[in-house]
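Asks: First the structure, which I've put down as structure tokens, then a few questions once you've had a look.
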Amino acid sequence: MTIEQHKSIEKASESVDNVDASQSVGKVNVSQFKKNITSQSKWLLLSGAIFLFAGGIILWRSVPSSQKPSEEIKNNLNQGRLTVRTVPVTVGSIQAWVYGDATVNAVTKKHLTFQAEGTIDYIKKVKGRDLREGDRVKKGQLLARVDRRKHDADITVAAAGHIEAKNQVRDAVASLRQAEESLAQAKAELQKAITDKNFAQADLKRYQELFAEGAVEKRELDLKETNYKNAQAGEITAEAGVRSAQAQLAAAKTRVDTAEAGVKSANAKLTQSNVQSEDTEIVAPFNGIISRLNIREGDYWTPQRVNAGAEYQSIIERLPIIVIDPNRFEVNVELPAFQGAKVKRGQRAFIILDRERSKANSGRITGEDLMKLASAQGKVFSVSPSVSPGERSVRVTIRINEGISNIQDGEQVSAWIATDEKSRATVAPFNAFVFRDRKSYGFVVNEEKGIVEQREIKAGIEGLAKQEILQGVKPGEKLVTDGKNRLVNGAPVEIIP
């Protein structure tokens, strides 16, 4: 019972006491009037009547006032209810998010440059004008060229050297064939000499036997001995001829090898000259679009213009041409290590342009609002397994599959990744929860009793503006949002719009 209710009841009691006192006084005056009527004057009688009339008035007014306290108590009880606002617990989709600043890059990008120095004497013409940034090109098209006359002369010299070397190989091979034939002939002559020697030896032996028997003269025996010695000499000469032919063959083979090496050397020089000639040209490596064009016809180009140790922005401002494929983009984002651990391949990602970044970070939008705000959408393509030592971050790459025309190569954006999501979940806004003793609670309105019930809530996915409820509250029940910090379990409440 409130203090105001106690005061109303006490006031009613005092009124009743006043009526009782008035009635008692009225009875005493009537008795005195009857006893002393003969000695009292008429004005006293009149005064008593007036007094009794006034007492009756007071009594009449006091009787209904004794019934008023119960009604006032009821009104005061109603006035004691706490006013609150509520929201219904609903079923809907919810996502857990991580996000970071990111950069858009073309998946296929080629930095094109001249490897040779010289004056740029050709830039591709498009409809009668020089090539521009944004022009589309096809694979194999010549885009630009430096003066190549010196390189053409080198190619001519190298080609002549290559022909000369091939001629030397041909001559060396011919000499080799001749040496092989000479060796074959020498071997044949050696075989004949061996046969002649063997025959002369056998003939000499036979004549020695005949001479011993006296069948032939000494002169005939001496002739056979001379024939045998000549046959031996012929064998020795034939062996020398074979060795000479073998030496000539080896020399011919060496000349062939030398000539073939000369061909290889000449071919290498020719190839090098051709490559150097190609270094004077920039050819489109694939079907794409000109992203950067930093040269004009008549400029003098030298490879030293590009410093490999410079910052990337400085490099791309000096490279002759950059070509990209405008149909495939990816977004690279660096996330803190603890957030990167939540990211997995295949998770949905939404790209917010720089001009919409303040809306996305306002804290007043839902996941559905964020997805509508996104200019492009994709999926996580890769997650680096290592943490950057300096920034303590993890590199995540997102491949874009929707809204490609809304983003540009090199653009700074925000990448939002849904690390966990459900299409149907029991959800309520964040302001419907209170935290006490490190636990989450909600005040559920019991509309029949007009009170609130404090319930512990098991939370699930934490979205941008909503929290998933796994246990504690059911869809359709009402949770207090405004006025919840004044409540306790069982407190009477009144819901206001």
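Asks: Classify segment 150-278 from the C-alpha gyration tensor, please: rounded if a/c falls under 1.5, else prolate or oblate depending on whether a/b exceeds b/c.
Replies: Values: a/c = 8.63, a/b = 7.87, b/c = 1.10.
Prolate.
Asks: In nanometres, what is the gap between the two model label sites at residue 267 and residue 392, each 7 Å from Cα along Cα-to-Cβ?
Replies: 6.0
Asks: Between residue 129 and residue 220, what length in nm is gained on full extension when 0.36 nm per residue of separation is reduced by their alpha carbon distance? Don't skip to the end; give the middle numbers.
Replies: Details: separation 91, 0.36 × 91 = 32.76 nm, distance 10.83 nm.
Fully extending the segment from residue 129 to residue 220 adds 21.9 nm.
Asks: Right, another one. With +1 assigned to the C-beta of every Lys and Arg and -1 to the C-beta of every Asp and Glu, and no other charges, what is the dipole magnitude of segment 150-278 about the Cα centre in debye, to the nearest 20? Intermediate values should be presented prior to the final figure.
Replies: Numbers: 18 positive and 20 negative charges, 39 e Å.
It comes to approximately 180 debye.
Asks: At a Förster radius of 51 Å, what calculated FRET efficiency corresponds to the Cβ-Cβ distance of residue 283 and residue 185, to the nearest 0.05? Could you put the intermediate results ahead of the total?
Replies: Numbers: r = 58 Å, r/R0 = 1.15.
Rounded to the nearest 0.05, the efficiency is 0.30.
Asks: For the pairs 458/484; 109/379; 127/379, flag any whose C-alpha to C-alpha distance is greater than 28 Å. Provide the component values of the computation, followed by the final result.
Replies: Numbers: 458/484 18 Å; 109/379 20 Å; 127/379 39 Å.
Violating the 28 Å Cα-Cα cut-off are 127/379.
Asks: Another question about this same structure. Quick one: 3J(HN,Hα) in Hz for segment 196-201, Karplus 6.51/-1.76/1.60 with θ = phi - 60°, rounded, Gly and Pro as x.
Replies: In residue order, the calculated couplings are 5, 5, 4, 5, 5, 5 Hz.
Asks: If you stretched the chain out fully between residue 139 and residue 424, how much longer would it get, using 0.36 nm times the residue separation minus the C-alpha to C-alpha distance? Write down the numbers at each step before the final one.
Replies: Numbers: separation 285, 0.36 × 285 = 102.60 nm, distance 4.87 nm.
This chain segment gains 97.7 nm when fully extended.
Asks: So how far, in whole Å, is the C-alpha centre of segment 365-389 from the one of segment 89-116?
Replies: Segment 365-389 and segment 89-116 have Cα centres spaced 7 Å from each other.
Asks: If you don't mind, there's one more thing I want to ask. For the pair residue 254 and residue 156, how long in nm is the line joining their label points, each one 7 Å along Cα→Cβ?
Replies: The answer from the label model is 3.8 nm.
Asks: Please report how far the C-alpha centroid of segment 206-232 lies from that of segment 148-176, rounded to the nearest whole angstrom.
Replies: That distance is 65 Å.
Asks: Right, here's the next one. Reachable aspartates and glutamates from residue 474, Cα under 19 Å, same-chain residues fewer than 8 places away excluded?
Replies: Answer for residue 474, where 19 Å is the Cα cut-off: 447, 448, 453, 456, 462, listed by chain and number.
Asks: Using amide H atoms built in the peptide plane, which far-off residues or other-chain residues are under 5 Å from residue 283 H to H?
Replies: Residues meeting the amide H criterion: 143.
Asks: So what is the relative contact order for segment 418-497, in percent, with contacts set as C-alpha pairs under 8 Å and at least six apart? Could the numbers behind the result be given before it?
Replies: Numbers: 129 pairs, mean separation 26.5, N = 80.
Rounded, it is 33 percent for segment 418-497.
Asks: Could you give the distance between the Cα centres of segment 261-327 and segment 425-497, to the whole Å?
Replies: Segment 261-327 and segment 425-497 have Cα centres spaced 66 Å from each other.
Only the coordinates and a few stated rules stand behind these numbers; no lab work does. Since we're looking at a predicted model, the values are computed, not measured. A quick note on method: Cβ atoms are made from the backbone with ideal geometry, for glycine too, and the neighbour counts reach across all protein chains shown.
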